[in-house]
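Notes follow the structure.
The values are calculated or read from the model by the stated rules, or taken from the named source; none is laboratory data. Everything quoted here is computed from the prediction, not taken from an experiment. Please note: Cβ atoms are built from the backbone with ideal geometry, for glycine as well, and neighbour counts cover all protein chains shown. Quick note on the areas: whole protein, heavy atoms, side chains included, nothing else; ligands and nucleic acids left out. Shrake-Rupley method; radii C 1.70, N 1.55, O 1.52, S 1.80 Å.
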Amino acid sequence: MPEKTLADSSRAGAAATEHAEASPKRWWILAVIAIAQLMVVLDATIVNIALPSAQTDLGFSDGNRQWIVTAYALAFASLLLLGGRIADLFGRKPAFLVGVVGFAAASALGGAANGFTMLVVARALQGAFGALLAPAALSLLNTTFTDARERARAFSVYGAIAGAGGAVGLLLGGVLTDALDWRWTLYVNVAIAVVAFAGGWLLLGNHRDAANARLDVPGTILVAAGLFGLVYGFSNAETHDWDSPLTWGFLTAGGLLLAAFAWWQTKAAHPLLPLRILLDRDRAASFLAVLITGAGMFGVFLFLTYYLQLNLGFSPTKTGVAFLPMVGALMVTAQAGTTMLLPRLGPKAVIPLGFAIATAGMAWLTGIGLGSHYLGAVLPQLIVIGVGLGLVMPPAMQLATGGVAAEDAGVASATVNAMQQVGGSIGTALLNTLAAGAATDYLSGRDATSKLVRAQATIESYTTAFGWSAVLFGAGAVIAFLLYRRGVPQQDAGAAPVVHM
């Protein structure tokens, strides 16, 4: 679709929204949506802190632990576009309520898990229902707030929860694991869901914007199967090596299925992901930036959690607190990056700079050792990483979702979130594979029964993961510099407001 048409559609959609009648219960609705959003965002980090305790309790291997994180992220990413489409077709209130109930039920199942398989299934179900809940919540926010000034305030609250939810998850996960048990990091969602469901049932109205459209079933199957093939292929590299058919075969199949999905989107009458969303150069660069950042960030959270708890002896609560300086630095530079630097310098300067700073922080973190201390070997590096990522993620998400036509606002937001979750899934699988290989290589030819040798092998696995995260961020700096246009992006004042989930 030509740019002029996109802009016209955006202005028309915004104008229509402006003249809609405002809901008298809109601020209560915002509270309900915020509670549901917090539940989804919390789950991205709260389980990470509890993962070492869950692994000890259920007895699963280091090679399998990644699936506790990956199962959720993969299901969420694979079904997010479908979830948004279902909300448009069948109504946002039913999608919201079903998403809340399903997420709570899956969380309860995970909390009661008696083994690795049950926990992975529960995490995948959480991701699936989260993919229905998140786009429904964002759509409800768009339709509830009709005044431009009020809508800006509502989206600022929504965005703040999305940004701070990760930090709250890290801290709450530690407190619950220490005070009660790792299972309560999942049970807590049931209590949150009760409040969200009651508020949603009483306050929400129903909206359908695509009653005449149809679900893109072939597209959904192709993209879900393709993403699974990629992540499963990376995961198999740890146990079957890179030359195994179970590794390269799944990687190849995943790539082919995603290529088939892209082709099908050009032919489908009601595509799951209209390709016009991807054709803008700055938006495509932003999607890639989000994908790369997700891959590197998930590795930091996973491996640094294990280092802090198993090597430095931190409790789960102390581990959550240890991450807060990074999150604080990220939130501070996020404000500076989006409100000051991006409007003056443009993305070609700001986002590659952020990637470069994050690369330096990750490379610095590879210096940890058996005798390292948090204050000298972890804290400064985390702050540097937070500063760098704060200049990448929020500006990239703003550019990825800004300036789209009103009818594409939901799918643009869903695509950003899918990129982040897919990046996290692939990054976790790939970094876990490389880390395990580094530990195995270090033990080769050494006394594997020695506690000191095994401890050093663990350090080697961590530093390998951090080193490859630095490589990912470095590649992000180069890609962002090459792809982003020069100058400051011009946003259409009438474009529909879109916030990442």
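Side notes on the structure shown:
- Test result for LEU342, at negative phi and open to solvent by less than 50 Å² (accessible area, probe 1.4 Å): yes
- Here ALA260 meets the list (1) open to solvent by 40 Å² or more (accessible area, probe 1.4 Å); (2) modelled with pLDDT of 85 or more almost entirely, failing just condition (1).
- So VAL321, is it part of a helix (DSSP H, G or I), of a type in the set (A, V, I, L, M, F, W, C) and closer than 27 Å to ALA412 by Cα: no
- Looking across region 346-377 at every residue that is surrounded by fewer than 15 Cβ atoms within 10 Å (Cβ to Cβ) and among the aliphatic types (A, V, I, L, M), the one that is nearest to LEU310 (Cα to Cα) is identified as LEU370.
- Test: residue in region 270-283 that is within 24 Å of LEU365 (Cβ to Cβ) and either open to solvent by 20 Å² or more (accessible area, probe 1.4 Å) or more than 19 Å from the chain's Cα centre (by Cα) (or both): no
- Scanning region 100-112 for residues that are surrounded by 24 or more Cβ atoms within 10 Å (Cβ to Cβ) and either among the acidic types (Asp, Glu) or free of Cβ contacts under 8 Å to residues at least 40 places away in the same chain (or both) yields one hit, ALA106.
- Residues located in region 183-221, provided they are open to solvent by less than 10 Å² (accessible area, probe 1.4 Å) and either at pLDDT 80 or above or not in a helix (DSSP H, G or I) (or both): THR185, LEU186, ASN189, ALA193, ALA196, ASP216, GLY219
Conditions tested, residue by residue: (1) in contact (Cβ under 8 Å) with a residue 60 or more places away in the chain; (2) under 17 Å from LEU375 (Cα atoms).
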residue	(1), (2)
ALA253	no, no
PHE261	no, no
ALA268	no, no
LEU272	yes, no
ILE277	yes, no
ARG283	yes, no
VAL290	yes, no
THR305	yes, yes
GLN309	yes, yes
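- Subset of region 66-88 (residues that are closer than 27 Å to ALA438 by Cβ and open to solvent by 20 Å² or more (accessible area, probe 1.4 Å)): TRP67
- Conditions (1) modelled with pLDDT under 80; (2) at negative phi: number failed by ASP241: (2)
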